There are 2 protein chains.
Amino acid sequence: MNTKANQKRQTPSRAWEDYLKIIYKLESSENLGKGVQTKELAQRLAVSQASVTNMLKKLAEEQYIDYQPYYGVSLTEAGRLVAMKMLRNHRVLETYLVARLGYSWDEVDEEAETLEHFLSDKLVERMWHDLGQPTHDPHGSPIPSIDGQIEPVQLQSLTEITLQTPVRLKWIKNRSPEELRYLASIGLHINAQIVIKNQAPFQGPLLIEVDDQHFHALDYRMALALFVEAE
Amino acid sequence: MNTKANQKRQTPSRAWEDYLKIIYKLESSENLGKGVQTKELAQRLAVSQASVTNMLKKLAEEQYIDYQPYYGVSLTEAGRLVAMKMLRNHRVLETYLVARLGYSWDEVDEEAETLEHFLSDKLVERMWHDLGQPTHDPHGSPIPSIDGQIEPVQLQSLTEITLQTPVRLKWIKNRSPEELRYLASIGLHINAQIVIKNQAPFQGPLLIEVDDQHFHALDYRMALALFVEAE
DNA sequence: AAAAAAATTTAGAGTAAGCTAATAATTTTT
DNA sequence: AAAAATTATTAGCTTACTCTAAATTTTTTT
Ligand SMILES: [Mn+2]
Ligand SMILES: [Mn+2]
Ligand SMILES: [Mn+2]
Ligand SMILES: [Mn+2]
């Protein structure tokens, strides 16, 4: 009856869930195959690095992550499943708010960031079925399946597209509400058609035509966050 | 620049909100005009009496309650408004889950008990408008208005009704999911017609007829929680 | 009015999650 | 290969909320 070894893995708290979700996001958008850094986590979670170190020890203890002190962390399968559940909760809710309660795509993230931790499985599944089992959220992010599978994103950034080739907007990655409102105001919603007419040098703005209608100058950094598919 | 006096009142935490909500419920269902007791709060919140005392000091400090040590507590106006917001959030959500997501009345309380603390005003108002601005939840409890007004319940308990007088069921107070399912199974939903055919002595069961269809024996303690209105 | 019972508060401690400052390890630059 | 810069960890505190056990006050019973 060893008190430590026998202990059940606890239900992850809100804090743990946010850590695991961010670790997942950093892991999958990471250029290299290295572990996720303490510093990056601290930034994304808006807590001190010391707090992150402290929490990583607990997450490792409960086997949600593999932790090599000084060399970063990666998710275990248990940790990945927690992250997937958060992404599913978050994205199903966002989709529901837009489709059923008149939210616009810039309003949903704030609501979902908190509620993702408190929605029951039952509620998420009922929303998802009511919506017709959607596969993507209002920003084009894939919704993990209930058993934790997620479609790999196979899209190109708008910055990688050659001039004059019409493409369709499929995913907007991580933009602020203000930026999302701006994008909507120039017609850049999911599935909009985009043709790059010109690209200024030195990572300068792109001249784009949207849905064969209007021309706009698009900042290079913004273009980096727009992911598209050949028509 | 006194650190204490200048301090803003903090946004109430989930724990504070639950305390204030329960204080409200005990205050308004209390027989006498005395303060709400520490012991009752401890029972309803499932925490120790010492924890309650500790929390009451903080709530009094922030002026959400009036607290007379040893003689119980009552809500201030600020405290009452917090309680009303929780009841509104809780009851609007319950109504939404039943009307829009196929929940039955015995499933909604569990979901609402947690989510009431995390729903934004925007979301609650959108659900409420989408539902057509309902005034009562699926159990018949009144939904406070957005500015904290609540309709006083003016109903009689089924135990106070004379034999053979048809009445309509308007409110089921505080029943467990199991009891709610049982009530539904014998046709006792909101607005069902009830006629008491007989009442056994010594607070024994009531013989009732439901919607002119079926007869049932109803436990006296259950009847105490059913509130009705003359037809 | 005293004794007994019940309710309440106080004392002391624990856990979760955060912080700053100090220290240590790693990585980058020279 | 040193020095400098960066990143990470440790040490020591803090706050919010909870607990049990002991002490105190109020209420009820005798
Ligand atoms: Mn989001
Ligand atoms: Mn979150
Ligand atoms: Mn309820
Ligand atoms: Mn609650």
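The values are calculated or read from the model by the stated rules, or taken from the named source; none is laboratory data. Here the structure is a predicted model, which is why all the values come from computation and not from measurement. All Cβ positions, glycine included, derive from the backbone under ideal geometry; neighbour counts span all protein chains shown. Calculation scope for accessible area: heavy atoms of the full protein, side chains included, ligands and nucleic acids excluded. Shrake-Rupley method; radii C 1.70, N 1.55, O 1.52, S 1.80 Å.
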Only residues that are open to solvent by 20 Å² or more (accessible area, probe 1.4 Å), closer than 17 Å to residue B:126 by Cβ, more than 16 Å from ligand 2 (Cβ to nearest atom) and not in a loop (DSSP other than H, G, I, E, B): list them for the stretch A:111-150, please. A:130
Considering residues that are among the hydroxyl-bearing types (Ser, Thr, Tyr) and either under 22 Å from residue A:102 (Cβ atoms) or assigned by TED's automatic domain parsing to the domain that holds residue B:168 (or both), the number found within the stretch B:136-151 is 1
Counted residues in the stretch B:157-167 being outside any loop (DSSP other than H, G, I, E, B) and surrounded by 15 or more Cβ atoms within 10 Å (Cβ to Cβ) come to 3
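Residue by residue, here is whether (1) modelled with pLDDT under 90; (2) within 17 Å of residue A:67 (Cα to Cα); (3) open to solvent by less than 80 Å² (accessible area, probe 1.4 Å) holds:
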residue: A:1; (1), (2), (3): yes, no, no
residue: A:7; (1), (2), (3): yes, no, no
residue: A:15; (1), (2), (3): no, no, yes
residue: A:23; (1), (2), (3): no, yes, yes
residue: A:27; (1), (2), (3): no, yes, yes
residue: A:34; (1), (2), (3): yes, yes, no
residue: A:39; (1), (2), (3): no, yes, no
residue: A:46; (1), (2), (3): no, no, no
residue: A:49; (1), (2), (3): no, yes, no
Output the residue which, of all residues in the stretch A:9-22 that are aliphatic (A, V, I, L, M) and out of contact with any Phe, Trp or Tyr (no Cβ under 9 Å at 6 or more places or on another chain), is farthest from ligand 1 (Cβ to nearest atom). A:15
Using the structure shown, decide if residue B:151 is without any contact (Cβ under 8 Å) to a residue 40 or more places away in the chain, within 30 Å of residue B:209 (Cα to Cα), in contact with a Ser or Thr (Cβ under 8 Å, 6 or more places away or on another chain) and away from chain A (no Cβ under 14 Å). yes
Please enumerate the residues belonging to the stretch A:67-77 that are touching a residue at least 24 places away in the same chain (Cβ under 8 Å), touching a helix residue (DSSP H, G or I) at 6+ places or on another chain (Cβ under 9 Å) and not hydroxyl-bearing (Ser, Thr, Tyr). A:72, A:73, A:75
Just to be sure I understand the filter: pairs with C-beta atoms under 7 Å, separated by 6 or more residues or on different chains, first member in the stretch B:112-129 and among the aromatic types (Phe, Trp, Tyr), second member open to solvent by less than 10 Å² (accessible area, probe 1.4 Å). Which pairs pass? B:118/A:115; B:128/B:92
When the stretch A:98-110 is examined, which residues are found to be within 15 Å of the chain's Cα centre (by Cα) and either crowded, with 17+ Cβ neighbours inside 10 Å or modelled with pLDDT under 95 (or both)? A:105, A:106, A:108, A:109
Would you call residue A:217 of a type in the set (A, V, I, L, M), surrounded by fewer than 16 Cβ atoms within 10 Å (Cβ to Cβ) and either without any contact (Cβ under 8 Å) to a residue 12 or more places away in the chain or touching a strand residue (DSSP E or B) at 6+ places or on another chain (Cβ under 7 Å) (or both)? yes
Does residue B:78 count as under 17 Å from residue A:101 (Cβ atoms), in a helix (DSSP H, G or I) and small (Gly, Ala, Ser)? no
